[in-house]
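Bear in mind these aren't lab numbers, they're just calculated from the coordinates by the rules spelled out. A quick note: this is a predicted structure, and the numbers were derived from the prediction, not measured. When we count neighbours, we look across all protein chains shown, and the Cβ atoms used for this are built from the backbone with ideal geometry, even at glycine.
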Amino acid sequence: MQYTIEKACPADLPGILEVMRFFNMHHVPSAEMPALDLERFFVARLDGRIVGAGGYTMLSPTEGKTTLLGVNPELSGLGIGKALQVARLEAMHALGAQTVTTNADIPDTIAWYKKHFGYREIGRLKKIHSFGLEHVDHWTTIRMDLGRYMREREGWAARREDYLQRYAPHPMSPWPPLIINVCLTGMIPTRASTPHVPLSVDEIVGDAIAVADAGAQMVHLHARDEATGQPTSDTRYFERILTGIRRERPALVCCVTTSGRNWPEFERRSEVLLLKGAAQPDMASLTLGSLNFLTGPSNNAIHTIERLAMCMRENDIKPELEVFDSGMINLAKYLERHGILSGTKYFNLLLGNLNTAAATIGDLAHLVAALPGDSVWAAAGLGAFQLPMNVAAILAGGNVRVGLEDNIHYDAARSRLASNVELVQRLVRINREFERPLATCAQVRSSLGLRQMQAVA
């Protein structure tokens, strides 16, 4: 199906409003929108009928504002909305606009603007008429740097094509300094299953300090409700954990969970990403697909993954990319092509779950070979597979994830319960036998592009 993008004319008004009716944005004139300036409107035509429309206005000589944008839902996925957006961006740029402001109320639409055009949220605006989603009483105001977009967009297509043409597996660098990432608590271990799992804020902070002193450079953090011991997304717990660690070991890299294991909804999972100051995380987990554990599913819809990744980008938090099979690496490459991931990427390769990649050398090699360029990777084995996968990673020049979240036992026979410190100490001993250097926290921060931290008073 071939559509065309054209400047609107006065006769197009009924067709434009008919498209907007799908989105409850046809109330024109109204208090929300007194009139449509058809001189600054574009329409998409298919077989002579209007199937999409988008308008704009100029707030000042250097600032533009979009008005309405809609496409017949039956024709979604054809790129009509993107073509209309590009047409009005080009028109505003020709008039001198350097920034563009947009109001939207649909989360997927907001994510679309961010993904394709580099918008950032700047505030909210109370609705004054029943426009758009009736259950949402405000517009989310977003803004883009139009000057930058116009300067860079010509190179995007060429870079994408070059990426796809020349991509080759990233060769592993032998024997770089080892990074040890410790998953202290997780969602599952309880005091009944092991007395060593840290649950309270003080216990988690204490374990983080202990593993740092034992040789770890990074901690992967979950929080538990101190009254019940159950997993919680309450940012008050995370704030206490992060500030407690930063007070004692400021250089230790702190990664918080955004797991979909207990809470699939974006709002609850993203709250921890908004912490600031001493409580701002360095990194946050981003599981790149849905999967099943024996204890239940981890729900990670692609649009939720995208929104979490963009939220991390907006808040200067590095994603800890969690991969359970090769399809999840495909999604990482997709996010990279769209600029949602950039720079050095950190991957956790988790093997040995029942219905994802097996804990074998072959599976590990396959995953490593599939990683995009400029990647740092660590391997983890679940349960009894923890130590074999950790050792394989050390030998291959990768890094390791270890901790009670993945395995509460010290031995394969499950005859002895482990502590996080013991698991780290064992890997430090093994690594020393291979004469491989151990990374410092400063080296990890530098290699991943993380800010250097100062002690918290």
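Express the Stokes-Einstein translational diffusion coefficient of the stretch 1-52 in µm² s⁻¹, to the nearest whole number, given a Kirkwood radius over alpha-carbon pairs, 10 °C and a viscosity of 1.306 mPa s. The partial results should precede the final answer.
Working: Rh = 11.5 Å.
The diffusion coefficient I find is 139 µm²/s.
With Cβ to Cβ distances under 14 Å as the rule, what net charge do the other residues near Asn292 carry (K, R +1; D, E -1)? Present the calculation step by step, with values, prior to reporting the outcome.
Numbers: positive: Arg261; negative: Asp325.
Residues near Asn292 contribute 0 overall.
Determine the percent antiparallel among the DSSP beta bridges restricted to the chain, to the nearest 5. Spell out each step's value before the answer.
On the way: 35 of 69 bridges.
So the antiparallel bridges in the chain amount to around 50 percent.
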In order over the stretch 405-413: 3J(HN,Hα) from phi, Karplus 6.51/-1.76/1.60, θ = phi - 60°, whole Hz, x for each Gly or Pro, gives 4, 8, 6, 8, 9, 8, 10, 5, 6
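Report the rotationally averaged projected area of the chain based on its alpha-carbon convex hull, in square nanometres.
The orientation-averaged projected area of the Cα hull of the chain comes to 24.3 nm².
Over the stretch 180-448, what is the mean sequence separation of C-alpha contacts under 8 Å (at least six apart), divided by residue count, expressed as relative contact order in percent? Can you show the working numbers first?
Details: 512 pairs, mean separation 52.3, N = 269.
Once divided by the residue count of the stretch 180-448, the mean separation gives 19 percent.
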Residues of the stretch 281-315 with backbone N under 20 Å of the label point set 7 Å from the Cα of Arg337 along Cα→Cβ are 288-290, 301-310
Placing +1 at every Lys and Arg Cβ and -1 at every Asp and Glu Cβ, with all other atoms neutral, what dipole size does the stretch 180-448 have around its Cα centre, in debye to the nearest 20? 220
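Got the relative contact order for the stretch 4-164 handy, in percent, Cα pairs under 8 Å and 6 or more residues apart? Walk me through the intermediate numbers first.
On the way: 272 pairs, mean separation 32.6, N = 161.
Relative contact order here is 20 percent.
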Estimated distance in nm for a label pair at Leu354 and Ser130, the labels positioned 7 Å out from Cα along Cα-to-Cβ: 4.9
Hey, what do the phi angles of the stretch 23-35 turn into as Karplus ³J(HN,Hα) couplings, whole Hz, using 6.51/-1.76/1.60 and θ = phi - 60°, x for Gly and Pro? 10, 6, 10, 9, 7, 10, x, 7, 5, 6, 8, x, 7
Point-to-point label distance, His366-Lys82, nm (Cα→Cβ direction, 7 Å offset): 3.1
Spelling it out for Val376: with amide H atoms placed in the peptide plane at 1.01 Å from N, the residues 5 or more places away or on another chain with amide H under 5 Å from its amide H are Lys345, Tyr346, Phe347
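Using the Cα gyration tensor of the stretch 352-457, with a ≥ b ≥ c the square roots of its eigenvalues, what is the shape: rounded (a/c below 1.5), prolate (a/b larger than b/c) or oblate (neither)? Walk me through the numbers before you get to the answer.
On the way: a/c = 1.76, a/b = 1.21, b/c = 1.45.
Oblate.
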I'd like to know which of Pro189, Ala332, Ile302 lies farthest towards the positive end of the charge dipole of the chain, counting +1 on Cβ of Lys and Arg and -1 on Cβ of Asp and Glu. Ala332
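What's the local net charge at Phe23, with K and R +1, D and E -1, over the other residues with C-beta under 14 Å away? Numbers along the way, then the final one.
On the way: positive: Arg21, Lys127; negative: Glu18, Glu32, Glu74, Asp105, Asp108, Glu134.
Net of charged neighbours comes to -4.
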Considering amide H positions built from the backbone, and no H for Pro or chain starts, which residues 5 or more places from Gly215, or on another chain, come under 5 Å of its amide H? none
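Let me know the shape class of the stretch 243-299, please: from the alpha-carbon gyration tensor, a ≥ b ≥ c as square roots of the eigenvalues, rounded when a/c is under 1.5, otherwise prolate if a/b is greater than b/c, or oblate.
Values: a/c = 3.06, a/b = 2.08, b/c = 1.47.
The shape class here is prolate.
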Taking only the Cα positions of the stretch 4-164, the convex hull volume per residue in Å³ is 123
With the crude spin-label approximation of a point 7 Å out along Cα→Cβ, what separation in nm comes out for His138 versus Glu267? 1.2
Counting pairs of Cα atoms in the stretch 332-381, how many percent are more than 19 Å apart? 30
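Would you calculate a helix-derived [θ] at 222 nm for the chain, using -39,500 (n - 2.57) for each DSSP H run of n ≥ 4 and dividing by the full residue count, to the nearest 500? Can you show the working numbers first?
Numbers: 13 runs with 157 residues, N = 457.
Counting only the DSSP helices, I get -10500 deg cm²/dmol.
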Pairs of alpha-carbon atoms within less than 8 angstrom and 6+ residues apart define the contacts here; what relative contact order does the chain have, in percent? 13
What residues qualify as long-range amide H neighbours of Leu221, i.e. H under 5 Å apart, gap of 5 or more or another chain, H built at 1.01 Å from N? Cys255, Val256, Thr257
Once phi is turned into ³J(HN,Hα) by the Karplus curve 6.51 cos²θ - 1.76 cosθ + 1.60 with θ = phi - 60°, what whole-Hz value does each residue of the stretch 43-59 show in order, with x for glycine and proline? 10, 9, 10, 9, 6, x, 10, 7, 10, x, 7, x, x, 8, 8, 10, 7
Based on a Kirkwood Rh over C-alpha pairs, give the Stokes-Einstein translational diffusion coefficient of the stretch 173-246 at 37 °C and viscosity 0.692 mPa s in µm²/s. 253
